[in-house]
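Just below is one structure, and these are the notes that go with it.
The values are calculated or read from the model by the stated rules, or taken from the named source; none is laboratory data. Note that the structure is a prediction, hence the values are computed from the model and not measured. Counting neighbours? That spans all protein chains shown, and the Cβs are built from the backbone with ideal geometry, glycine included. Calculation scope for accessible area: heavy atoms of the full protein, side chains included, ligands and nucleic acids excluded. Shrake-Rupley method; radii C 1.70, N 1.55, O 1.52, S 1.80 Å.
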Amino acid sequence: DAILAEWEETKVNAAPYENIPLAEEEQIYLEERCKDYGMDFFLVIALMESESNFDTEAEGDSGNSYGLMQINSVWWETMSNRGIDVFTVRGNIDASIIILSEYLDKYQDETIAIQMYKCGEHRGRELLSMGITLSQAEMVVEGKEQIKKETTHS
């Protein structure tokens, strides 16, 4: 019965969600990739909102970051070598999942992992050594809970 209940919950709460402004097929793809990496779908959605406000062609950092997840140019070659094109929506998603999962595995804390994602590991660690946690990283983690609440109760 527990398995059936878990399946029902997954079925009811599975992408696509009406209140998330991302194409249905991309929501489903993202959810599958999150499951592959044991990652919280809503954390990635909150990060995506923070990074690009769901704009698939967003450019930041004077053209050095691109896409839904604002993959920085320092990652472009590494991801390309892994067969991932960060300039496609799904490649951008894949790159972000890989990067974020590495930080989550290493730091075991969502806020710190998001900080590393947002400003790079070197700068993120520098800030932590000074006792600084980015408010944007905290807002992503808080946003995850808000999105989850709004989505599962809609």
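The table below lists the values:
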read-out	value
Mean projected area (nm²) of the alpha-carbon convex hull when the stretch 29-117 is viewed from all directions	5.2 nm²
Portion, in percent, of the accessible area of the chain that falls on carbon or sulfur, probe 1.4 Å	47 percent
The chain: calculated mean residue ellipticity at 222 nm from DSSP helix runs of at least 4, using -39500 (n - 2.57)	-21000 deg cm²/dmol
Range in the chain, longest, excluding exposed GluC sites (Glu not before Pro) [loop by DSSP; at most 16 other beta-carbon atoms within 10 Å]	58-154
Spatial extent of the stretch 10-54: Rg and Dmax, with the Cα atoms as the point set, Å	9.9, 28
Per-selection Kirkwood Rh - the stretch 112-154 (Cα, Å, 1 d.p.)	11.1 Å
At least 15 Å along the helix axis (C-alpha) and Kyte average at least -0.5, DSSP helices within the chain	2-13, 41-52, 89-107
Length released on extending from ASN64 to ARG123, taking residue separation times 0.36 nm less the Cα-Cα span	19.6 nm
GNM result for the chain, Cα springs below 10 Å: residue of VAL140, VAL44, VAL89 fluctuating most strongly	VAL89
Gain on full stretching of the segment that runs from ARG82 to PHE54 - 0.36 nm per residue minus C-alpha separation	7.6 nm
Average accessible area per residue (Å²) across the stretch 41-99 - probe 1.4 Å, nucleic acids and ligands excluded	44 Å²
Residue-count net charge about SER65 - beta-carbon cut-off 13 Å; Lys, Arg +1, Asp, Glu -1	-4
Per-selection metrics, the chain (Cα): Rg and Dmax in Å	15.6, 53
Average Cα contact separation per residue, the stretch 91-154, under 8 Å, 6 or more apart, as relative contact order %	26 percent
Square roots of five times the Cα gyration tensor eigenvalues for the stretch 53-94, Å	16, 12, 6
Cα-centred dipole magnitude for the chain, charges only on beta-carbon of K, R (+1) and D, E (-1), debye, nearest 20	420 debye
Cα convex hull volume per residue for the stretch 73-141 (Å³)	88 Å³
